[in-house]
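The values are calculated or read from the model by the stated rules, or taken from the named source; none is laboratory data. As the structure is a prediction and not an experimental result, all values here were calculated from the model. Cβ: placed from backbone, ideal geometry, glycine included. Neighbour counts: every protein chain shown. Ligands, DNA and RNA are excluded from the accessible area calculation, which covers all protein heavy atoms including side chains. Shrake-Rupley method; radii C 1.70, N 1.55, O 1.52, S 1.80 Å.
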Amino acid sequence: MSVIPYQVTEEDKRRFQEDGYWISPKLLDDDTIARLREAHERIWNSKYDGFGLPMHHFTMPANPHALRKFDNGWWINDEVHSVVTDRNLGHMAAELLNEDSIRLWHDQVIYKPGTNGQETSAGNVGWHQDYGYWRVSSTTNMVTVWIALQDTDLNNGGMMTILGSHKWGAVEGSDTFFEQDMGKLRAKFATRDWVEEPCILKAGQASFHHALTFHGSGTNYSSDPRLSVVAHLMPGDTYFREVRQRHDNLKLLGARPQPGMRFDREEYFPTLYTR
Ligand SMILES: O=C(O)CCC(=O)C(=O)O
């Protein structure tokens with residue numbers, strides 16, 4: 001199982017640099033998509049591959065419309081492991097970020113239940129910047145690869161990005177993934193041109209968004225869950241920047257992490273690609 005290779009073009013890079021996101025061609029074949037959909041099933045039923053433990057203990061939310069999210073699925077699922085550490089994914093990220101090597105920062109396995117037309121904000125992902133959570137990272141030059149495991153648009157709760165918002169820098173208080181009042185967040189952050197761009201993806205396509213690009217998502221009105229696997233990727237030489245905010249990845253540097261330490265322990269931050 002692997003990601004279908006694609007050579008990022010100058011035009012793709014220009015789009016990414018200008019818009020803060022880029023939508024890839026289909027990167028997974030149908031068999032891989034089916035296996036990742038099964039991987040979801042296994043993960044939500046606490047069926048784990050290998051002998052490791054999950055990074056966090058996942059408990060099923062009480063609200064059936066709530067978003068389910070699992071960090072570092074690659075630790076306990078072979079299919080997720082294979083995709084989020086794939087060299088071809090790393091190559092595309094290296095091209096878009098203009099970096100020589102790419103490592104995995106962490107992954108996410110995300111399940112947004114369908115509401116069958118019901119109006120609820122329980123599955124919303126609030127407008128946020130990924131770097132709002134990643135301030136311990138020495139660089140903002142990071143990218144999120146959001147891979148759709150079904151055709152995805154606004155009807156089934158697809159993501160939206162704010163065009164060009166990666167040029168706004170790291171905005172204070174942008175760690176708002178879990179806030180679900182999109183209007184309130186828009187009022188807070190829309191101090192500049194706020195253009196919402198839907199990420200419309202066929203199954204197996206991915207959107208690549210810059211760590212500073214504002215994004216979020218609304219209700220999945222369909223009757224099926226919206227499934228995705230997400231890889232957050234960083235340059236190979238990223239290190240711990242001293243800052244008040246904490247991040248779980250600091251634990252992976254040892255008991256007493258020091259600013260300047262690189263996130264380069266291969267067993268936690270695997271290299272996807274080196275030029
Ligand atoms: O799945 C979503 O709707 C949002 C996911 C997200 O915020 C991300 O992958 O960075």
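Sorting check: for 179-185, 138-144, which peptide has the highest mean count of neighbouring beta carbons within 10 Å, and how do the rest follow?
Order by mean packing, descending: 138-144, 179-185.
If you take the beta carbon distance between Phe58 and Lys251 as r and set R0 to 22 Å, what does 1/(1 + (r/R0)^6) give as a FRET efficiency, to the nearest 0.05?
0.80
What ranking do 22-32, 56-66 get when scored by the average of other Cβ atoms within 10 Å per residue, highest first?
Taking the mean over residues of other Cβ atoms within 10 Å, the ranking is 22-32, 56-66.
If you count only protein heavy atoms with a 1.4 Å probe, what accessible area per residue comes out for the chain, rounded to a whole Å²?
Normalised by residue count, the accessible surface of the chain is 44 Å².
Once phi is turned into ³J(HN,Hα) by the Karplus curve 6.51 cos²θ - 1.76 cosθ + 1.60 with θ = phi - 60°, what whole-Hz value does each residue of region 233-240 show in order, with x for glycine and proline?
Working through the residues one at a time gives 10, 9, x, x, 9, 5, 10, 6 Hz.
Leaving ligands, DNA and RNA out of it, rank Lys188, Lys13 by accessible area with a 1.4 Å probe, largest first.
Result, largest first: Lys188, Lys13.
Run the quick spin-label model on Asp181 and Arg244: label points 7 Å from Cα toward the beta carbon, then report their separation in nm to one decimal.
The modelled label-to-label distance comes out at 2.3 nm.
How large is ³J(HN,Hα), in whole Hz, for each residue of region 64-80 in order, when computed from phi with the Karplus curve 6.51 cos²θ - 1.76 cosθ + 1.60 and θ = phi - 60°, using x for Gly and Pro?
Result, rounded to whole Hz: x, 8, 6, 5, 9, 9, 10, 8, 6, x, 5, 5, 10, 9, 5, 5, 4.
May I ask you to derive the FRET efficiency for Ser121 and Gln258 from their Cβ-Cβ distance with R0 = 45 Å, giving the value to the nearest 0.05?
The value I calculate is 0.65.
Taking the simple approach of a point 7 Å from Cα along Cα-to-Cβ for both Glu266 and Tyr221, what is their distance in nm?
Distance between the two pseudo-spin positions: 5.0 nm.
Working with all protein chains in place, sort Ser82, Ser217 by solvent-accessible area computed with a 1.4 Å probe, largest first.
Order by accessible area, largest first: Ser82, Ser217.
With a ≥ b ≥ c taken as the square roots of the eigenvalues of the C-alpha gyration tensor of region 10-248, please select rounded if a/c is under 1.5 and otherwise prolate if a/b is larger than b/c or oblate if it is not?
It comes out rounded by the Cα gyration axes.
Would you calculate, for the chain, the mean residue ellipticity at 222 nm contributed by helices, counting each DSSP H stretch of 4 or more residues as -39,500 (n - 2.57) and dividing by all residues, to the nearest 500?
Result for the chain: -5500 deg cm²/dmol, rounded to the nearest 500.
Tell me the Kirkwood radius of region 175-239: reciprocal of the mean inverse pair distance over distinct alpha-carbon atoms, in Å.
14.8
Could you tell me which of rounded, prolate or oblate describes region 133-177, using a ≥ b ≥ c as the square roots of the eigenvalues of the alpha-carbon gyration tensor, with rounded for a/c under 1.5 and, failing that, prolate when a/b is larger than b/c and oblate otherwise?
Prolate is the answer for region 133-177, as a/c is 1.5 or above and a/b outweighs b/c.
Using the basic label-point model (7 angstrom from Cα toward the beta carbon), what is the Trp44 to Asp193 distance in nanometres?
4.0
How much of the accessible area of the chain, in percent, comes from carbon and sulfur atoms when a 1.4 Å probe is used?
47
In this model, which of Lys69/Lys112; Lys26/Lys69; Lys167/Lys188 are farther than 20 Å apart at the alpha-carbon?
Too far apart for the 20 Å limit: Lys26/Lys69.
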